[in-house]
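A.B. asks: Attaching a single structure in structure tokens format; questions to follow.
The values are calculated or read from the model by the stated rules, or taken from the named source; none is laboratory data. These figures come from a predicted structure and were not determined experimentally. Positions of Cβ are backbone-derived with ideal geometry, glycine not excepted, and every protein chain shown enters the neighbour counts.
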Amino acid sequence: MPHIDPDLLSLMALGEPVASEADNEHLRTCGACAAEHAALRRAVDAARVPPDAGPLMQPSAGVWTAIHRELALDESLAADPLEPERPREVTNLADRRSARPRETAAAPRRNTALWLIAGAAAVVTAAAGISWVVSQQTQPPPLAEARLEPLADFATTGTAEVIERDGERELSIELSDKEGSGYQEVWLIKPDLSGLVSLGVMDASSATFAIPPGLDLAQYPIVDVSDEPLDGNPAHSGVSIVRGSLSL
């Protein structure tokens, strides 16, 4: 059974209501997806830990400079909004009166709002980065890869890779487009085309399939995606959309 798409799994970890009943059922029964979801949840929870309720300290000017640069803010916002206003030099009593900083309620609110917006953006950026790192760490390196090239009158290209999770091998395929007059079926084929094994139907531009235990990929290194008519015949139609050889 195909695993949950990593992007969808990330949204589920963030608490977004995007999962279907089938997705939730798969998460309850698939150890690999459950482990990845748990890791993503830990990253999200870490990013959402409420700050200490103690007194806040004003950060140095370098902190705002880094935030301004990271968020590519306008140059008009380059000055630290929490930096206190400095009175200009004065030469007479009249100037001295006018040089006193005018404290208003709007200025502190505006400065605080700028910092809150910047802080929220920084938290979101950090959470996305943590999610990506966790996803990369939980994704095992591929055992084999293949570049899929179009056949006949098709223009679709793609990639395939073999990954081992919890002792079981999987074939993950990504295609640039969805072509064909029927449905797409994924096959592993011998180099001389004398034998082939169907892995299942591909109903999206990316999908993951379980490789039968004991199947020797050295004997079945050809990855093939075929265009199958709705005729009830389980055999290969003879019309391939893309094909490539696994680098073992």
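A.B. asks: Could you tell me whether any residue of the stretch 175-191 is farther than 28 Å from Ala34 by Cα and of a type in the set (Val, Ile, Thr)?
C.D. replies: yes
A.B. asks: Among the numbered conditions (1) assigned to a strand (DSSP E or B); (2) surrounded by fewer than 16 Cβ atoms within 10 Å (Cβ to Cβ), tell me where Val242 comes up short.
C.D. replies: With (1) assigned to a strand (DSSP E or B); (2) surrounded by fewer than 16 Cβ atoms within 10 Å (Cβ to Cβ) applied to Val242, the lone miss is (2).
A.B. asks: Return the residues of the stretch 219-238 that are aliphatic (A, V, I, L, M) and either at pLDDT 95 or above or outside any loop (DSSP other than H, G, I, E, B) (or both); say none if nothing qualifies. Show your work before the answer.
C.D. replies: Restricting attention to the stretch 219-238, the residues satisfying the condition of being aliphatic (A, V, I, L, M) are 222-223, 225, 230, 235.
Those that are aliphatic (A, V, I, L, M) and either at pLDDT 95 or above or outside any loop (DSSP other than H, G, I, E, B) (or both): Ile222, Val223, Val225.
A.B. asks: Let me ask another. Looking at Leu193, Leu230, Leu151, Leu188, can you tell me which residue is over 24 Å from His3 (Cβ atoms), free of Cβ contacts under 8 Å to residues at least 40 places away in the same chain and out of contact with any His (no Cβ under 7 Å at 6 or more places or on another chain)?
C.D. replies: Numbers: Leu230 fails: free of Cβ contacts under 8 Å to residues at least 40 places away in the same chain; Leu151 fails: free of Cβ contacts under 8 Å to residues at least 40 places away in the same chain; Leu188 fails: over 24 Å from His3 (Cβ atoms).
After ruling out the rest, the residue left standing is Leu193.
A.B. asks: May I ask you to list the residues in the stretch 185-221 that are aromatic (Phe, Trp, Tyr) and farther than 25 Å from Asp231 by Cα?
C.D. replies: Taking the stretch 185-221 as the starting set, the residues that turn out to be aromatic (Phe, Trp, Tyr) are 187, 209, 220.
Correct list: Tyr220 only.
A.B. asks: Here is a further query. If only one of Asp231, Asp227, Asp192 is outside the structural domain of Glu36 (by TED's automatic domain parsing) and surrounded by 15 or more Cβ atoms within 10 Å (Cβ to Cβ), which one is it? Before you say what the answer is, go through the steps one by one.
C.D. replies: Numbers: Asp231 fails: surrounded by 15 or more Cβ atoms within 10 Å (Cβ to Cβ); Asp192 fails: surrounded by 15 or more Cβ atoms within 10 Å (Cβ to Cβ).
Of Asp231, Asp227, Asp192, the one residue that is outside the structural domain of Glu36 (by TED's automatic domain parsing) and surrounded by 15 or more Cβ atoms within 10 Å (Cβ to Cβ) is Asp227.
A.B. asks: Provide a single number: the residues in the stretch 1-33 that are surrounded by fewer than 14 Cβ atoms within 10 Å (Cβ to Cβ) and either under 14 Å from the mean Cα position of the chain (by Cα) or under 30 Å from Ser198 (Cα atoms) (or both). Before you say what the answer is, go through the steps one by one.
C.D. replies: Pass one, the stretch 1-33, residues surrounded by fewer than 14 Cβ atoms within 10 Å (Cβ to Cβ): 1, 7, 15-18, 20-22, 24-25, 28-29, 31.
Going one step further and asking which of them are either under 14 Å from the mean Cα position of the chain (by Cα) or under 30 Å from Ser198 (Cα atoms) (or both), we end up with 1, 7, 20-22, 24-25, 28-29, 31.
Count: 10.
A.B. asks: Can you say whether Ile241 is within 30 Å of Cys30 (Cα to Cα) and outside the structural domain of Cys30 (by TED's automatic domain parsing), as far as the supplied structure shows? Show your work before the answer.
C.D. replies: On the way: within 30 Å of Cys30 (Cα to Cα): no; outside the structural domain of Cys30 (by TED's automatic domain parsing): yes.
No.
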